[in-house]
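Notes follow the structure.
Quick note: the coordinates plus some simple rules give every number you see, no bench work behind them. Being a predicted model, the structure only gives us computed values, none of them experimental. Glycine also receives a Cβ, built like all others from the backbone with ideal geometry; neighbour counts cover every protein chain displayed.
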Amino acid sequence: MNDIFITLIFIWTVVFMGLLTIGGYFMFRKFLKRMPKEDGKSELDWQDFYINKALPLWHEDSRSLLNELVSPVPELFRNVAKERIAGRISKIALDEGAQKIELDHIMRGYIIATPKRDHGFMKKKLTELGIDYTPYNEYFKYADDEKNKFSIFDHSELIAKEAQK
């Protein structure tokens, strides 16, 4: 009886430490995104800035499409994904001086802000919605990559540099 109790305590300790480690990992990643960069603003500050500045450009049809595109994301992470994608879409629209957020802005922002590991799910969702993503294939290389970490808001500069070559 005593051996079973000690074994259960050991198993519970291992499980508990594992859960703490996983939670700490995600909290640390969020902390890093809140750290200010060279310009004094963090990744999340820039994301909020672009979303707030572009709010008048978002119309009901573009909002509903964004909500539909993030629907495959688990509910726990959906708001974070939606804000990240909306921030990228907003930056693209603002950089181009758009009067309204169109499908073109949504597609480019959606592709760039979606991590490469999720592109299969993204393509499946776009196919379900009847949206042809082949004209945007060149933007897949700018997508967020775990191995090559950089801000999703730096992509405009990367695209402009490649266009000049």
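Students often get this wrong, so check it: of Lys30/Lys53; Lys37/Lys100; Lys37/Lys123, which have C-alpha atoms separated by over 27 Å?
Beyond 27 Å between Cα atoms: Lys37/Lys100; Lys37/Lys123.
How far apart, in nm, are two points set 7 Å out from the Cα along the Cα-to-Cβ line at Arg117 and at Asn67?
2.9 nm
Using the charge dipole of the stretch 13-99 (Lys, Arg: +1 at Cβ; Asp, Glu: -1 at Cβ; taken about the Cα centre), state which of Ile92, Tyr25, Pro56 has its Cα farthest towards the positive end.
Of the options given, the answer is Tyr25.
Computed from the coordinates I sent, volume of the Cα convex hull per residue in Å³ equals one of (1) 134; (2) 329; (3) 159. Tell me the label.
Step by step, volume of the Cα convex hull per residue in Å³ for this structure corresponds to label (3).
Which of Lys41/Lys125; Lys82/Lys141; Lys41/Lys124 have a Cα-Cα distance over 26 Å?
Working: Lys41/Lys125 33 Å; Lys82/Lys141 21 Å; Lys41/Lys124 35 Å.
Listed pairs above 26 Å: Lys41/Lys125; Lys41/Lys124.
Between Met17 and Asp3, what length in nm is gained on full extension when 0.36 nm per residue of separation is reduced by their alpha carbon distance?
Details: separation 14, 0.36 × 14 = 5.04 nm, distance 2.11 nm.
Gain in length upon complete extension: 2.9 nm.
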